[in-house]
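The values are calculated or read from the model by the stated rules, or taken from the named source; none is laboratory data. Note that the structure is predicted; figures quoted are calculated from it, not measured. Cβ sites come from the backbone with ideal geometry, for glycine too, and all protein chains shown count toward neighbours. These area figures cover heavy atoms from the full protein model, side chains too; ligands, DNA and RNA do not enter into them. Shrake-Rupley method; radii C 1.70, N 1.55, O 1.52, S 1.80 Å.
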Amino acid sequence: MRKSEDRADGGDEAAGGARARRPGRPPRGADGAPPTRERILAEATALFARGGPQGVSMRDVAARVGIDVSSVHHHFATKTALYDACFARVYEREQRALAPLVDRLAAAVAAGDQGEVAAAMHHLVDGFVDFLEEHPHTTFLWLRRWLEPTRDSALDAAYALPIYERVERVLLGAAAGGALLEPTPHVTVRSLVWAAHGHVTALAAAGQDPVAAARERYEFRAYAHRFLDRMYPASGVEGAGGR
């Protein structure tokens, strides 16, 4: 990917790949500040979310963090490696937020409890929206990526599809057990994901208007729950045919 950029930014791409991370918050220095690598990732994520990979240089990241560009290269040999690591960081946090909610849904499906299946789906959607509202750079990082559908598509396979495909498999399992009717779970999941990202863009557009932001939050949550209730009626398969 982007070989010309990598040569311009210097170094061997493999040397800057995402490193294994320990769970929980990153360690902090004696002064309480996050370590340099975490500061680079946080600022790079914000910059890539705003300008995409083409609009951000390693020097831009260094200036934002307040360090020399050589320090950025020490942690991430190339811009490609840094860009990948930003997605890996977002993915790790999203996994931590959503995995317990998907586990709850899977357990409800395995138990054949239709009421709990419905409740777990609502909690999963709420959890996803909560995560995006807390980490709005996630939305803009992905939207920049999707502006060029065929460029950097490996990022989807590594940092988006694993979560979404697990939800799809759970929905298929629920359909197989008769808890709901769902012939195209990938369309349902993708529709809700895109809607949630659209919600975050609407919040950004609301800016400093607290009334508009509060209205957007209320109306989107109501829409998401209404969507689930109509897609998966409490009566299960028998009532889903009128969809």
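Of the residues PHE76, PHE87, the single one that is among the aromatic types (Phe, Trp, Tyr) and over 23 Å from ILE163 (Cβ atoms) is PHE76. Of all the residues that make up region 135-156, how many are without any contact (Cβ under 8 Å) to a residue 24 or more places away in the chain and closer than 28 Å to TYR232 by Cβ? The qualifying residues number 2.
Please give the helices (runs of 4 or more DSSP H) falling wholly within region 102-203 in which 1 or more residues are among the polar types (S, T, N, Q). Let's see the steps before the verdict.
Numbers: elements: 114-134, 137-146, 154-159, 161-176.
Once the helices (runs of 4 or more DSSP H) in region 102-203 are filtered for at least 1 residues that are among the polar types (S, T, N, Q), what remains is 114-134, 137-146.
A single member of ALA42, ALA118 is open to solvent by 10 Å² or more (accessible area, probe 1.4 Å), more than 30 Å from ALA175 (Cα to Cα) and of a type in the set (A, V, I, L, M, F, W, C), and it is ALA42. Just so you know, in region 163-174 the residues that are touching a residue at least 60 places away in the same chain (Cβ under 8 Å) and either farther than 15 Å from LEU124 by Cα or small (Gly, Ala, Ser) (or both) include one that is surrounded by the fewest Cβ atoms within 10 Å (Cβ to Cβ), and it is GLY173.
One residue alone among ASP126, ASP60, ASP68 is without any contact (Cβ under 8 Å) to a residue 40 or more places away in the chain and loosely packed, with under 15 Cβ neighbours inside 10 Å, and that residue is ASP68.
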